[in-house]
Amino acid sequence: MEGLTSLGTVLGSSWASGINLYMTVAGLGIMHRMGVVTLPGNMEALAHPLIILAAVAMYVVEFVADKIPFVDSVWDSIHTFIRPLGGAAIGFLAMADAGPALQIPVALLTGAVAGDAHLTKATTRVAINTSPEPVTNSIASVTEDLSVAGVLYLIVKHPVIATICVVLFVLFSIWFLRRMFHFLKRVFRFLSGGAERPEGK
């Protein structure tokens, strides 16, 4: 059962980091310090006060940037490598007691899970920004934060369900990203080409 708990913690944390890395790190660190959850391996380093403070500060910045149309897409672009690396670091730290032979494959897996979550979020935001109204960005941002909070809750109370949710999300995202890429391709083609000119003019 302990192995399943650790798996739920690692996979859930890596997925959440792909959505909001700073909220995930701060949440895990605070919960570990409060004794709500015991982080595996060297993940307990996330509970260091300086790491928690830095994560909270960056979360505040992201909280604002994530709700401004187009600024959110720029922010996501900057984090294209940061979030997957954060997910990979979580897997690497979690498997510290297993040695490099297991640390590296797990880090690659968690980095891929975080990258998948980030790509799904970033692609969705680009699609949302094709709409002129700004309210949808705030709704999407709050929904993402709530989903991260939900996964952190599952990590503590139902780690097996957290694992299942991550697997289902990855499967869903494969279908979703294909649909979104086709949609965005049509939108960008329309925007770059403009309205079609009538024949003979």
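Report yes if D72 is part of a helix (DSSP H, G or I), more than 13 Å from the chain's Cα centre (by Cα) and in contact (Cβ under 8 Å) with a residue 60 or more places away in the chain, otherwise no.
Criteria met by D72.
Can you work out which of the residues in segment 3-38 that are among the hydrophobic types (A, V, I, L, M, F, W, C) and not in a helix (DSSP H, G or I) is farthest from the chain's Cα centre (by Cα)?
So, considering only residues that are among the hydrophobic types (A, V, I, L, M, F, W, C) and not in a helix (DSSP H, G or I), the one farthest from the chain's Cα centre (by Cα) is M34.
Mind checking whether some residue in segment 148-157 is closer than 24 Å to N42 by Cβ, out of contact with any Ser or Thr (no Cβ under 6 Å at 6 or more places or on another chain) and free of Cβ contacts under 8 Å to residues at least 12 places away in the same chain?
yes
Could you check, for segment 112-129, whether at least one of its residues is of a type outside the set (D, E, K, R), under 18 Å from L39 (Cβ atoms), within 14 Å of the chain's Cα centre (by Cα) and buried (at least 22 other Cβ atoms within 10 Å of the Cβ)?
The answer is yes, given that some residue of segment 112-129 is of a type outside the set (D, E, K, R), under 18 Å from L39 (Cβ atoms), within 14 Å of the chain's Cα centre (by Cα) and buried (at least 22 other Cβ atoms within 10 Å of the Cβ).
Quick check on this structure: which one of I51, I82 is at pLDDT 95 or above and either over 29 Å from H182 (Cα atoms) or not β-branched (V, I, T) (or both)?
I51
For segment 120-165, what are the residues that are among the acidic types (D, E) and within 14 Å of A16 (Cβ to Cβ)?
E144, D145
Criterion first (touching a residue at least 12 places away in the same chain (Cβ under 8 Å), over 21 Å from T124 (Cα atoms) and in contact with a Phe, Trp or Tyr (Cβ under 6 Å, 6 or more places away or on another chain)) does M58 satisfy it?
For M58, the condition - touching a residue at least 12 places away in the same chain (Cβ under 8 Å), over 21 Å from T124 (Cα atoms) and in contact with a Phe, Trp or Tyr (Cβ under 6 Å, 6 or more places away or on another chain) - is met.
Let's see how each residue does on (1) free of Cβ contacts under 8 Å to residues at least 60 places away in the same chain; (2) β-branched (V, I, T):
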{"position": "D76", "(1), (2)": "yes, no"}
{"position": "T80", "(1), (2)": "yes, yes"}
{"position": "R83", "(1), (2)": "no, no"}
{"position": "A89", "(1), (2)": "yes, no"}
{"position": "A98", "(1), (2)": "yes, no"}
{"position": "L102", "(1), (2)": "yes, no"}
{"position": "P105", "(1), (2)": "yes, no"}
{"position": "T110", "(1), (2)": "no, yes"}
{"position": "D116", "(1), (2)": "no, no"}
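The values are calculated or read from the model by the stated rules, or taken from the named source; none is laboratory data. Quick caveat: nothing in here was measured; it's all calculated off a predicted structure. Positions of Cβ are generated from backbone atoms using ideal geometry, with glycine treated the same way; all protein chains shown enter the neighbour counts.
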